[in-house]
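Shown next, in C-alpha cells, is the structure this report addresses.
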Amino acid sequence: MQEILKKLVIAGNSGCGKSCLVIRYVENTFLVDYTFTIGMDFKVKMLGRGDKNVKLQVWDTAGQERFRSMAGSYFRAAQGIIITFDVTNEDSFYSVNDWMRQIKEHAPEGIKTILVGNKVDLEGRVVAREQAEELVEKLKIESYFETSAKSGENVNEAFDTLVDYTLGILKSKYELEEEEVQPENETFVNLNKKPKTSDPKTCSC
C-alpha cells in the first residue's frame, strides 16, 4: 500500500485541552495532570484510508502568548489545522478570530481547517453551539465539532474528518458550492460561418 505523510497542526489558547485531545486521539488515553506545552510537540499515528497508509503527524502548538509567533512556521508546512477553544472560556472562543488571521497570513491558500469546542463534559458552559456554528459560517471553516478529551466524545470524528478533507475523500460545502457555480463546458456553433465546399469537379465530354 502507498504510504503518504500528512501534517496536522492543532492551535488555540493555552488551557483549551489541545494536548489532551492529541493524546486521546493518538493513544486513546486521558491525562489528568498534563503540563502546558512549551514551544511545540508532535505525535504520530498511522491510519488506513482506502488503498493508502497515512502517516499522520499531529503538531501541538503552545497557546501561551510568548510562543504564538512560532506557530506561523508550522502553519506553512501543514495540510490541515484544528483551531480549539474551551466551551467554558469565552476568551478562548473570541481568540478564534486571531488564530484564523495567523492561519490566513502563514498557511497555504485553501488549507483545510476545522473548529473544535472542547471540554463539553464540564459544567459552566458559556459558549453556545449556535455561536460557534455562526463563527464557522462567517470564517468559512470547513466543519465544527464539540469534543471531550476526557470522555473521548467526537475526538476521533474531528481528527478523521480533517484527514479525509486533506486526502480529498471528503469535500467541504464550500468546495461543493464552488463546483456548482463553475460553468459547464458548452459547444458553440457559429451560424454565420459558411460550410466548406469541395472544389468543383471538371468532366471532359
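Bear in mind these aren't lab numbers, they're just calculated from the coordinates by the rules spelled out. Being a predicted model, the structure only gives us computed values, none of them experimental. Quick reminder, even Gly has a Cβ in these numbers, built from the backbone with ideal geometry, and neighbours come from all protein chains shown.
Hey, what did the stretch 2-172 get for relative contact order, percent, Cα under 8 Å, at least 6 apart? Before the final figure, lay out the partial values.
Values: 330 pairs, mean separation 42.2, N = 171.
Relative contact order of the stretch 2-172: 25 percent.
Sorting check: for 93-104, 157-168, which peptide has the highest mean count of neighbouring beta carbons within 10 Å, and how do the rest follow? Mind showing how you got there, number by number?
Working: 93-104: 17.6, 157-168: 19.4.
My ranking of the peptides, most packed first, is 157-168, 93-104.
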Q: Within the stretch 73-143, report the GluC sites (Glu not before Pro) that DSSP leaves as loop and that have at most 16 other Cβ atoms within 10 Å.
A: E109, E123
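For the stretch 2-172, give the share of DSSP beta bridges that are antiparallel, in percent and rounded to the nearest 5; count only bridges with both residues there.
Values: 10 of 35 bridges.
Counting DSSP beta bridges with both partners in the stretch 2-172, the antiparallel share is about 30 percent.
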Q) Long-range amide H contacts for R49: which residues qualify at under 5 Å (H placed 1.01 Å from N, peptide plane, sequence gap of 5 or more or a different chain)? A) V54
Q) At what distance in nm do the modelled label points of E123 and E178 sit from each other, each positioned 7 Å from its Cα along Cα→Cβ? A) 4.6
Q.
Restricting the calculation to Cα positions, tell me the Rg (one decimal) and the Dmax (whole number) of the stretch 60-175 in Å.
A. 13.7, 38
